[in-house]
Amino acid sequence: MHELSVVTSIVKIVQQEVDKIKGKSVLELYLEIGKLSGVEMSSFYFVWPQCINGNILSNTKLFVEEPEGKARCAECETEFYIEKSFDSCPNCKSPFKEIIAGRELKIKKIIIK
Ligand SMILES: [Zn+2]
């Protein structure tokens, strides 16, 4: 499962950050997971408790932002929201576009005690 490796690497990165400043625990964790990132949020929340059990994140408050997918048409430069990366422009129907938001998969902020 893709989400399992995503969560595993998040835990690893956070652990490294905590070690760097010799922190004790993580109070809050802010993530950004775009709607086009390929992460299935129901699976994410399913594997999350298993992956944080007994480690540095076991008592952490989790905040997840899920930015909408957004694209700019390569033909007419219309900006539009997309649900799938193959959606075409609502103005001119062109399939050619640049994805400008929604692919985020990152740790925004870690609050360490
Ligand atoms: Zn267009």
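The values are calculated or read from the model by the stated rules, or taken from the named source; none is laboratory data. These numbers were taken from a predicted model, which means no experiment stands behind them. Positions of Cβ are generated from backbone atoms using ideal geometry, with glycine treated the same way; all protein chains shown enter the neighbour counts. Side chains are part of the model used for accessible areas, which takes the heavy atoms of the whole protein and leaves out ligands, DNA and RNA. Shrake-Rupley method; radii C 1.70, N 1.55, O 1.52, S 1.80 Å.
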Requested in this report: Scan region 66-104 for residues that are closer than 30 Å to Q15 by Cα, of a type outside the set (D, E) and either open to solvent by 80 Å² or more (accessible area, probe 1.4 Å) or not in a strand (DSSP E or B) (or both) and report the count.
Outcome: 3
Query raised in the report: Within region 23-46, restricting attention to residues that are out of contact with any Asp or Glu (no Cβ under 9 Å at 6 or more places or on another chain) and modelled with pLDDT under 95, which residue is farthest from E98 (Cα to Cα)?
Result: K24
Query - Number of the condition not met by F80 [criteria: (1) in contact with a Ser or Thr (Cβ under 7 Å, 6 or more places away or on another chain); (2) within 16 Å of the ligand (Cβ to nearest atom)] - result: (1)
Query raised in the report: Does K108 fit the bill of being surrounded by fewer than 15 Cβ atoms within 10 Å (Cβ to Cβ) and within 19 Å of S5 (Cα to Cα)?
Result: yes
Report task. Within region 20-33, identify whether any single residue is surrounded by 13 or more Cβ atoms within 10 Å (Cβ to Cβ) and more than 20 Å from I111 (Cα to Cα), and answer yes or no. Result -> no
Report summary line: When (1) within 16 Å of I107 (Cα to Cα); (2) at pLDDT 95 or above are applied to P49, the one that fails is (1)
Query raised in the report: Among the residues of region 40-65, which ones are surrounded by fewer than 13 Cβ atoms within 10 Å (Cβ to Cβ) and either without any contact (Cβ under 8 Å) to a residue 24 or more places away in the chain or near the ligand (Cβ under 10 Å from one of its atoms) (or both)?
Result: S42, P49, Q50, N53, G54, S58
